[in-house]
């Protein structure tokens, strides 16, 4: 494992020290605390075992689209009535 030396302020050191849990190293505390960007692999298969969740999601999306369509039609009527 490659090791790097960094310079941080005393305030940053104290904050990191408070963040540590038990025998956790500073590196472990940093890796736990710093958010990591999710990749597509993190999401693949997330819903594969729950078809009800997929169906519920699809229904929710369909309902949102329906509501948006209705609101758009109302806006179009409103704009047309002003002319």
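So that you can scan it fast, the table gives a plain yes or no per residue for (1) loosely packed, with under 10 Cβ neighbours inside 10 Å; (2) free of Cβ contacts under 8 Å to residues at least 12 places away in the same chain; (3) touching a strand residue (DSSP E or B) at 6+ places or on another chain (Cβ under 9 Å); (4) closer than 30 Å to residue 57 by Cα:
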{"residue": "2", "(1), (2), (3), (4)": "yes, yes, no, no"}
{"residue": "16", "(1), (2), (3), (4)": "no, no, no, no"}
{"residue": "20", "(1), (2), (3), (4)": "no, yes, no, no"}
{"residue": "26", "(1), (2), (3), (4)": "no, yes, no, no"}
{"residue": "30", "(1), (2), (3), (4)": "no, no, no, no"}
{"residue": "36", "(1), (2), (3), (4)": "yes, yes, no, yes"}
{"residue": "43", "(1), (2), (3), (4)": "yes, yes, no, yes"}
Within region 4-19, which residues are under 12 Å from residue 30 (Cα atoms) and more than 27 Å from the chain's Cα centre (by Cα)? 13
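Each reported figure results from applying straightforward, stated rules to the coordinates on display, with no laboratory input. Remember, it's a predicted structure, so these values are computed and weren't measured experimentally. Note that each Cβ is placed from the backbone with ideal geometry, even for glycine, and that neighbours are counted across all protein chains shown.
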